[in-house]
Amino acid sequence: MANYFAHPTAVIDEGCSIGEGTKIWHFTHIMNNSKLGENCNLGQNVVVSPGVVLGRNVKVQNNVSIYTGVICEDDVFLGPSMVFTNIINPRSAVVRRDQYIKTRVKKGASIGANATIICGNTIGEYAMIGAGAVVTKDVPPYALVVGNPAKQTGWVSEYGHKLTFDDNGFAFCPEGNMKYKLENNILIKI
């Protein structure tokens, strides 16, 4: 007996590992050798390609394709219709399946609706990618990035609140009751 929920319209290929408490909704396809952690939630029309790894408590909204080469660590949020790529120079007539480029989304990061993540980049811990952003380079931990191409416009707390810094470079997140320090353009949780 499976210790996860899969809607009857979901397709789960052989050789997948699915963690306890995970929910897989309508018309979602989990392809071979994928690994989904505990308590994930995959919405409608999601595709998880072969070999993809999702950590614990990953939330994948409707209409997201997670292609081979993508690794999402624990507590990642993937917004509706966001896009990953896995080839830099795709061509229909050129087979490049052996050239997939890895993309890593670190713990606690959130990617907004309709954002595009170009392969080969790392999204840092607790980073926030704005809706519709096009990420073409690595994103630092706790960074807030927006636009096309995505540019950093600030910093966010682990709870996703935009941080405001005092004259000494300190910021406070009231929801998480956490203090942060900005030193040499690196955010440090104190």
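Evaluating GLY132 against the criteria (1) surrounded by fewer than 21 Cβ atoms within 10 Å (Cβ to Cβ); (2) closer than 22 Å to THR28 by Cβ; (3) not polar (S, T, N, Q) leaves one unmet condition, (2). Looking at GLY154, GLY176, just one residue is farther than 30 Å from HIS26 by Cα, more than 13 Å from the chain's Cα centre (by Cα) and modelled with pLDDT under 95, and that residue is GLY176. Restricting region 1-48 to residues that are part of a loop (DSSP other than H, G, I, E, B) and hydroxyl-bearing (Ser, Thr, Tyr) leaves a set whose member that is farthest from ILE71 (Cα to Cα) is THR9.
Residues that are of a type in the set (A, V, I, L, M), touching a Ser or Thr at 6+ places or on another chain (Cβ under 6 Å) and not in a strand (DSSP E or B) within region 114-128 comprise just one, ILE118. Scanning region 49-78 for residues that are in a loop (DSSP other than H, G, I, E, B), touching a Lys or Arg at 6+ places or on another chain (Cβ under 9 Å) and not acidic (Asp, Glu) turns up GLY51, VAL52, GLY55, THR68, GLY69, VAL76. Looking across region 151-175, just one residue is out of contact with any strand residue (DSSP E or B) (no Cβ under 8 Å at 6 or more places or on another chain) and either of a type in the set (S, T, N, Q) or touching a residue at least 60 places away in the same chain (Cβ under 8 Å) (or both), and that is ASN168.
The values are calculated or read from the model by the stated rules, or taken from the named source; none is laboratory data. In this text the structure is predicted, and so the values were computed from the model without any measurement. When we count neighbours, we look across all protein chains shown, and the Cβ atoms used for this are built from the backbone with ideal geometry, even at glycine.
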